[in-house]
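Any read-out appearing in this document is the output of simple, stated calculations on the displayed coordinates, not a laboratory observation. Source: prediction; values computed, not measured. Neighbour counts run over all protein chains shown; Cβ positions are idealised from the backbone, glycine included.
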Amino acid sequence: MRAALVPARLDVADVLRVGVGGLRARPTRVVLSALGIAIGIATMVAVIGISSSSKEDLLRRLDRLGTNLLTAKPGDTLFGEKAALPEAAPAMVGRIGTVTAVGATGVVDATARRTDRIPEEVTHGIAVQAATPELLRTLDVRTASGGWLVAGRYPEVVLGSEAARRLGLDRPGERAWIGGRWFTVLGVLEPAGLAPEIDRSALVGWDAAEHYLGFDGHPTTIYERSADASVADVRAVLARTVDPENPEQVQVSRPSDALEAKAAADGAFTGLLLGLGAVALLVGGVGVANTMVISVLERRREIGLRRSLGATRGQVRVQFLAESLLLSALGGAVGAVLGTVVTVGFALVRGWPVVVPVWALGGALAATLAIGTVAGLYPAMRAARLSPTMALATV
């Protein structure tokens, strides 16, 4: 009896060699198809990388600035009028046992201009505020140049970083026209991360504001720092401490919450961009499927010849599935590299730490393999169903 013929098996190296050979025969089409996958993967990797870098920068800022800063501001009275905080409120807050630092500012009805030649209505959005000597330590802000209001009795001013830029005054010893008289610039502050309103303010001493600018002595914002473990407890009693008679007229907030909310908003925006990247990846997968279907139609002679020489349906199916996977993997690898490069470049330009999660790269490559499998499954099955005689007859 004649022994049954057993088709030769294709090992992994053979499958890769056959798959690469099929792709090399159509380089232009392969590049264009892989480009769709690469754009989708690059978008997803870049979005995740930029979002992670931004979040890491935000977390480092929070660690540096601290989350133990609380602010108290006046709310509205029962009749809808603006409430006023008691003059002794900062001193009362300082008596809370776990409070380590207290500072306060009070809005002054005056304008800050570079010279007396500038019209009074041109304020450049700069607020004039009285400040207590402890404000700088409470906010943990440093002076970029010059000094701080120590005595607070003289016509001196310390400018926030943005106020100094808008006035064009960045050197100690220069003068600013405030409330109808000259104030000497004592210093310029670095940006206040948790109190951006300070950046746009011209700060004068508490006593000087009362003496020269008619300040009424009522604080409009009280800043306090306490031990991290007691922030919640201090927040619970802060309003009643600031104004025991009308605690409901005091608004207490935690500035670091705004940064955390920003991180949450960035996360939602990241989800939207990831959705767009997924759509691009899906379009790329359709392009791969289209390429493979056309490849099957164009290579019917090759398929018929291979079947005539003994190739099984499974081997033909594996060949075209391997081509689809290689094509998707090529696009995925290029996209992962492009996404990483975009993330690194964007993070360096913004001064952020570079963070490209490993899971994002692994997920991107896994997604390309899944897309390649789905996109190549139908063309592979169609190629395997072609009979040798029909494939050769159509040529």
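Put simply, the amide H of Thr67, placed in the peptide plane, has no neighbours under 5 Å, leaving out anything fewer than 5 places away on its chain. Give the Debye-formula value of log10 I(q)/I(0) at each listed q (0.10, 0.18 Å⁻¹), with one equal scatterer per alpha carbon of the stretch 68-254, two decimals each. Calculated log10 I(q)/I(0) at the listed q: -0.39, -1.14.
Among beta bridges identified by DSSP and lying wholly in the stretch 68-254, the antiparallel ones come to about 75 percent. Taking all pairs of distinct Cα atoms, average 1/r, flip it, and tell me the Kirkwood hydrodynamic radius of the stretch 214-254 in Å to one decimal place. Radius from the Kirkwood sum: 11.5 Å. Computed 3J(HN,Hα) for the stretch 356-361, one whole-Hz value per residue from the Karplus formula 6.51 cos²θ - 1.76 cosθ + 1.60 where θ = phi - 60°, is 10, x, 5, 5, 5, 5, glycine and proline marked x. Between the beta carbons of Thr77 and Leu282, assuming R0 = 45 Å, the FRET efficiency works out to 0.20 to the nearest 0.05.
What the phi angles of the stretch 97-112 give under the Karplus curve with 6.51, -1.76 and 1.60, with θ = phi - 60°, is a coupling list of x, 8, 6, 9, 7, 9, x, 8, 10, x, 5, 10, 7, 7, 10, 10 Hz, glycine and proline written as x.
Phi-derived couplings, Karplus 6.51 cos²θ - 1.76 cosθ + 1.60 at θ = phi - 60°, listed residue by residue for the stretch 49-54: x, 5, 5, 5, 5, 5 Hz, with x used for Gly and Pro.
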